[in-house]
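Chemist: Dropping the structure in here first, questions after.
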């Protein structure tokens, strides 16, 4: 039996933007399927939500977005959980600062896999259910898609290429989805105050007053689903301070 509450799948839900989206969606009355490669981080997100894996409003699925069969598993778990999928948030990602000469083919392929292919895999398997719910796809992109950081140590060339591809994937999803009632958006923030940012940039290099908070991004995602941005399907929503 299909549950009457809407259901959102959120990848990269173990921390940062994904965790902020999970908290905001819980407040909006969504049931959640939280996805990450790291079980411990998912458990912490569940704890912060005031719930456990056995709770009726949220489950955690340990999975890797770069593995297509894992994304099929996520969709299967979501349908088993509630019988519906209303929102897919493709948030999982990874940014590597690399030189062109020093980037191995495996490193380049890995950046494309986690930042672009994974979003397609999950969307592909969720698509039949999104048709039924007239659902929404949110792809978390980046300012790097139009302005990749250049430093003496390298650039985000692989990450930026993947996110630029994600933006065009979003447009095609929106156009194919429009007759079906499916909407798709790219959210492209600049620096966000997360562990991922601080792993590559200190506060001296990138001060806090120039960063967005994870909830800033979560609020924009909410605006795309039910707020003033809901009619901007296919667009890239650029954000920075």
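Chemist: To check you understand DSSP bridge types, tell me what percent of the beta bridges within the chain (both residues inside) are antiparallel, rounded to 5.
Modeler: 10
Chemist: A further question on this structure: Cα centroid distance between the range 73-141 and the range 1-48, in Å?
Modeler: 15
Chemist: Something else: Calculate the spin-label point distance for residue 216 paired with residue 68, positioning each point 7 Å from the Cα along the beta-carbon direction, and give it in nanometres.
Modeler: Going from the residue 68 label point to the residue 216 one covers 3.8 nm.
Chemist: Quick one: angle between helix 68-82 and the longest Cα principal axis of the chain, in degrees between 0 and 90, rounded to 10, please.
Modeler: 40
Chemist: Given the rule -39500 (n - 2.57) for each run of at least 4 DSSP H residues, summed and divided by the residues of the chain, what is its mean residue ellipticity at 222 nm, to the nearest 500 deg cm²/dmol?
Modeler: -12500 deg cm²/dmol
Chemist: Per 0.36 nm of contour for each residue apart, how much would the distance between residue 231 and residue 132 grow if the chain were fully extended, relative to their Cα-Cα spacing?
Modeler: Between residue 231 and residue 132, full extension yields an extra 33.7 nm.
Chemist: Also, I was wondering about something else. Expressed as an acute angle from 0 to 90° and rounded to the nearest 10, what is the orientation of the C-alpha long axis of helix 157-177 relative to the principal long axis of the chain?
Modeler: The angle comes out at about 30 degrees.
Chemist: For the pair residue 178/residue 28, report the inter-label distance in nm, with labels modelled 7 Å from Cα in the Cβ direction.
Modeler: Taking the two extended label points, one gets 2.3 nm.
Chemist: Quick one: helix 39-48 against the long Cα principal axis of the chain, what's the angle to the nearest 10°, folded into 0 to 90?
Modeler: It works out to around 70 degrees.
Chemist: Which value, in nm² and rounded to one decimal, describes the direction-averaged projected area of the C-alpha convex hull of the range 7-239?
Modeler: Taking the Cα atoms of the range 7-239, their convex hull projects to 12.1 nm² on average.
Chemist: Just 213, 36, 56 to compare: in a GNM of the chain, with alpha carbon springs under 10 Å, which one fluctuates most?
Modeler: Residue with maximal mean-square fluctuation among 213, 36, 56: 56.
Chemist: Efficiency by 1/(1 + (r/R0)^6): what FRET value for residue 104 and residue 48, r their Cβ-Cβ distance, R0 = 30 Å, to the nearest 0.05?
Modeler: For R0 = 30 Å, the calculated efficiency reads 0.20.
Quick note: the coordinates plus some simple rules give every number you see, no bench work behind them. Given the structure is predicted, the values throughout are model-derived calculations rather than measurements. Note that each Cβ is placed from the backbone with ideal geometry, even for glycine, and that neighbours are counted across all protein chains shown.
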